[in-house]
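K.L.:
Pasting a structure below so you can have a look.
Readers should treat all values here as calculations from the given coordinates under stated rules, not as data from a laboratory. Please read these numbers as outputs of a predicted model, since none were measured by experiment. Here the Cβ is made from the backbone with ideal geometry for all residues, glycine too, and neighbour counts use every protein chain on show.
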Amino acid sequence: MTDAVNVDYSTSIPNNVDLGSDRRVLKALEQWHPGYLDWWGRMGPEGFQEALVYLRTAVSVDPKGWAIFDYVRMPQYRWGILLAPQEEGRRIPCGEHAGEPAWQDVPGEYRAMLRRLIVIQGDTEPASVEQQRHLGVTAPSLYDLRNLFQVNVEEGRHLWAMVYLLQKYFGRDGREEAEELLRRSSGDPDHPRMLGAFNEATPDWLSFFMFTFFTDRDGKMQLEALSQSGFDPLSRTCRFMLTEEAHHMFVGETGIGRVIQRTCEAMRTAGVDDPYDIDQVRGLGVIDLPTIQKKANLHFSLSLDLFGSEISTNAANAFNAGIKGRHRESKLGDDHRLLDATYPVLRLGNGGIRTVEEPALTAINARLRDDYVHDCAGGIGRWNKMIARTGTPFEFKLPHVAFNRRIGEFAGVHADPDGKLIDEAEWQAGMAKWLPSPEDRAFIESLMQPEYAPGRFAPWIAPPRAGIDNKPGEFEYVKIAG
Ligand code: BYC
């Protein structure tokens, strides 16, 4: 029996949605399960499938105690279907149906739109596992190795979450979409993942931390917006996914923070004052701060593309239909319909970039992107404080939103990190200063030597301030031999 808070483990698929009495969906999920395990075996963490990993598993959706920690072999992880509890009397928060009772079933007129959003969300989850599958062999510590695998199994669970919605609410085409989610793969020339950033490589651990800081943060914003959906099962699914997502943000922010900390400490100990003396800093076996800035420029700009075009009728239609809201929609103080409202959007014009008041409805993507930029800036500020405490004269900066874009308003132009429009020649000349060069990549790669001794860390990254689940420094987070 399920009580919506505690999770039922009596069926093959742990859940709090009473799958035990929903034979049709249980059967569809059981049929999908072997394909998923096959995908995990082929495309999941390479070389560690037999290792015992100290993982958290969701056993409840009670915010006060939802997970337990234990050693698990990843293929035996209990991927389950967990939805946040239904809110009594919940109403559609935005658009033309605002105030009407939230839908418990798919509204016929929005079926295609809803399915598309769920498929796009679902597609990103396995993609990130694929992108990160080679990282285990170069992990800087068992602590970091465990965090990587925690993120991976939870992205796997987020795929389950979307597949449940497809199979429960979209019948035969939902089942077909669920199969397709296992068929596409990151970077595959014939069957790529749907969104650009999910076909890029994650070749090293700095890229992984940047990905979890910048790209998982897009995930957080998109899940926030989908958790405002008037389609209640989607809202409840995304609300619980956000609980897990917080750890992914933590891995990114503290990961980059620990790299920066180690660099600043090494510079101080060696008496190196100039953070731009790259050869000298690299000679200390740590990653120089300007290269970290270049990596941030790359991952920030790739992640901005995930918000779609600034001006989008797709986004307007989804908002108006009440199936995707704004960030914290229910806390915003306007009419939630936006029929006459405007929103300031950065646009090209008169040979430069200027702010234009656009109809707020079509500017939904721009607004969510602005909220994202604000959220990113918070993390950047925390790193800068840390650098200032070490006395190193360096500050990280988010590049302008027009920098290095492939989607939206700025896709057709070149801009420098300050947002100045430049021509092709200036772009080619400046690129090596602004984005990681092949030499930068090769240097980072040269540092990626595994450190698997409990309590030890590769020399380019500082240890964390505290262990996972309050474990002491020497704790063996991954028993590699299994
Ligand atoms: N790449 O009106 P437009 C996460 C397409 S991350 C390729 O501008 P719209 C995670 C678009 O599909 C969050 N194509 O955009 C993180 C459309 O094509 P069609 C994932 C793109 O629809 C880390 C056309 O361009 N979730 O969870 O307003 C680890 C015009 O589109 C791209 C979501 O994204 C692109 N970047 O907004 C693990 C939420 N951008 O249909 C997980 C669900 C646009 O005309 N998705 N196009 O052929 C959405 O809300 C929206 O679909 C998007 C795009 C925000 C993605």
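K.L.:
Normalised by the residues of the chain, what does the relative contact order come to in percent, with Cα pairs under 8 Å and at least six apart? Write out the running numbers ahead of the final one.
P.N.:
Values: 822 pairs, mean separation 91.2, N = 482.
Reported relative contact order: 19 percent.
K.L.:
Taking GluC sites (Glu not before Pro) as exposed when DSSP calls them loop (any state but H, G, I, E, B) and at most 15 other Cβ atoms lie within 10 Å, what is the longest stretch of the chain free of them, the sites themselves excluded? Don't jump to the answer; show the numbers that get you there.
P.N.:
On the way: sites that count: GLU46, GLU50, GLU87, GLU88, GLU395, GLU474.
Longest run free of exposed loop sites: 89-394.
K.L.:
Right, here's the next one. Would you be so kind as to identify which of CYS238, LEU368, ASN350 lies farthest towards the positive end of the dipole of the chain, taking Lys and Arg as +1 and Asp and Glu as -1 on Cβ and the Cα centre as origin?
P.N.:
Most positive-ward Cα: CYS238.
K.L.:
Separate question: Quick one: order THR313, THR202 by neighbouring beta-carbon count within 10 Å, fewest to most.
P.N.:
With the fewest neighbours first, THR313, THR202 line up as THR313, THR202.
K.L.:
Starting from the Cα gyration tensor of the chain, take the square roots of the eigenvalues, sort them a ≥ b ≥ c, and report rounded, prolate or oblate (rounded when a/c is under 1.5, otherwise prolate if a/b is larger than b/c, else oblate).
P.N.:
Working: a/c = 1.88, a/b = 1.16, b/c = 1.61.
Because a/c hits 1.5 or more and a/b fails to exceed b/c, the chain counts as oblate.
K.L.:
Okay, moving on. How would you rank SER301, SER21, going from fewest to most other Cβ atoms within 10 Å of each one's own Cβ? Could the numbers behind the result be given before it?
P.N.:
On the way: SER301 24, SER21 10.
So the residues, fewest neighbours to most, are SER21, SER301.
K.L.:
May I pose another question? Can you give the extra length, in nm with one decimal, that the chain gains between THR313 and ASP38 once fully stretched, where that is 0.36 nm per residue apart less the Cα-Cα distance? Intermediate values should be presented prior to the final figure.
P.N.:
On the way: separation 275, 0.36 × 275 = 99.00 nm, distance 3.83 nm.
That works out to 95.2 nm of additional length.
K.L.:
Quickly estimate the mean residue ellipticity at 222 nm for the chain, helices only: each DSSP H run with n ≥ 4 gives -39500 (n - 2.57), and the total goes over all residues, rounded to 500.
P.N.:
Numbers: 13 runs with 218 residues, N = 482.
That comes out to -15000 deg cm²/dmol.
K.L.:
Can you tell me which lysines have their Cα less than 29 Å from the Cα of LYS294? Leave out same-chain residues fewer than eight positions away.
P.N.:
Reachable lysines: LYS220, LYS385, LYS397, LYS420, LYS433.
K.L.:
Separate question: Give the residue from ALA201, GLN293, GLY322 lying farthest towards the positive end of the charge dipole for segment 192-322; charges sit on Cβ (+1 for Lys and Arg, -1 for Asp and Glu) and the dipole is referred to the Cα centre.
P.N.:
Checking the options against the dipole of segment 192-322, the answer is GLY322.
K.L.:
Say a site is exposed when it is one of the chymotrypsin sites (Phe, Trp or Tyr not before Pro), sits in a DSSP loop, and has at most 12 other Cβ atoms within 10 Å; what is then the longest site-free stretch of the chain?
P.N.:
Working: sites that count: TYR9, TYR276.
Value returned for the longest uninterrupted segment is 10-275.
K.L.:
Next up: About the Cα centre of segment 247-306, how large is the charge dipole given +1 on each Lys and Arg Cβ and -1 on each Asp and Glu Cβ? Please answer in debye to the nearest 20.
P.N.:
200 debye
K.L.:
If you average the C-alpha positions of segment 36-100 and of segment 179-221 separately, how far apart do those two centres end up, in angstrom?
P.N.:
One Cα centre to the other: 19 Å.
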